[in-house]
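Reviewing the structure listed below.
The values are calculated or read from the model by the stated rules, or taken from the named source; none is laboratory data. Not measured: the values here are computed from a predicted model. Cβ sites come from the backbone with ideal geometry, for glycine too, and all protein chains shown count toward neighbours. To get the accessible areas, we keep the full protein, side chains included, count just its heavy atoms, and leave off ligands, DNA and RNA. Shrake-Rupley method; radii C 1.70, N 1.55, O 1.52, S 1.80 Å.
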Amino acid sequence: MTQSISITQVAYEAVALEVQNYFEAQLSPFDSYYETHILKSEFFQLCIKGQPAALVGVHEKQLMTLFMVRPAFRRHSQQLFQEAKRLREVYQAYLVTSDELYMSHALEVAKAVHMQA
C-alpha cells in the first residue's frame with residue numbers, strides 16, 4: 001500500500017546522534033572521505049503519517065550520501081527511497097557496501113556503478 005510521505009529539511013544538530021549511531025552500526029569501517037561527505041550534507045526527515053520513517057543526506061544537491069530507514073518502517077523502504085531520489089537534483093549515490101539496505105535500493109535503479117577502494 002502506498003503511504004503519503006512528508007519531507008522536512010532538518011539541521012545536522014537535530015540528527016547528529018542518529019548519524020553517529022549509523023557510523024557506529026556499520027559492520028566494516030569506512031574512510032573519513034565518506035564520513036566528511038555525510039557530515040557536509042543537507043539532511044531530510046521523511047515521515048509517514050507524521051512519524052519519522054527515514055533520514056536522508058544529500059551532498060551538494062546531487063549526491064545522496066545517507067539513507068537510513070527506522071526499523072518500524074523498513075517495509076516502506078522502497079517507497080521512501082523513491083521519494084529520497086526526488087530530493088534536490090539527486091542523480092548519484094555514495095555508500096558503503098556494509099549498508100545493505102541502502103546498497104540494494106541504489107543498485108536496483110543504478111545505470112552505472114563506479115567502485116572505489
- Message: What percentages make up the Cα-Cα pair-distance distribution of the chain when the bins are 5 Å wide from 0?
- Response: 2, 11, 24, 26, 22, 11, 3, 1
- Query: For a paramagnetic label modelled at 7 Å from the Cα of ILE7 toward its Cβ, which residues of segment 65-106 fall within the zone defined by backbone nitrogen distances under 15 Å?
  - Reply: 65-68, 78-93
- Amide H of ALA93: which non-local residues (sequence gap of 5 or more, or other chain) have their own amide H closer than 5 Å, using H built in the peptide plane? MET64
- Query: Accessible area per residue, 1.4 Å probe, Å², for the chain: what's the number?
  - Reply: 62 Å²
- Query: Projected onto the charge dipole of the chain (+1 at Lys/Arg Cβ, -1 at Asp/Glu Cβ, origin at the Cα centre), which of PRO29, VAL58, PHE73 gives the Cα projection farthest towards the positive end?
  - Reply: PHE73
- Query: Charges only on Cβ, +1 for Lys and Arg, -1 for Asp and Glu: so what's the dipole of the chain about the Cα centre, in debye to the nearest 20?
  - Reply: 480 debye
- Item | Heavy atoms of GLU100 accessible to a 1.4 Å probe, total area in Å² rounded to 10 | 130 Å²
- Item | the chain - percent of accessible surface contributed by carbon and sulfur, probe 1.4 Å | 52 percent
- Message: For the chain, give me the percentage of DSSP beta bridges that are antiparallel, rounded to the nearest 5 percent.
- Response: 90 percent
- Task: Give, in nm to one decimal, the length gained when the segment between LYS49 and TYR34 is fully stretched (0.36 nm per residue of separation minus the Cα-Cα distance).
- Result: 2.2 nm
- Could you tell me which of rounded, prolate or oblate describes segment 54-101, using a ≥ b ≥ c as the square roots of the eigenvalues of the alpha-carbon gyration tensor, with rounded for a/c under 1.5 and, failing that, prolate when a/b is larger than b/c and oblate otherwise? oblate
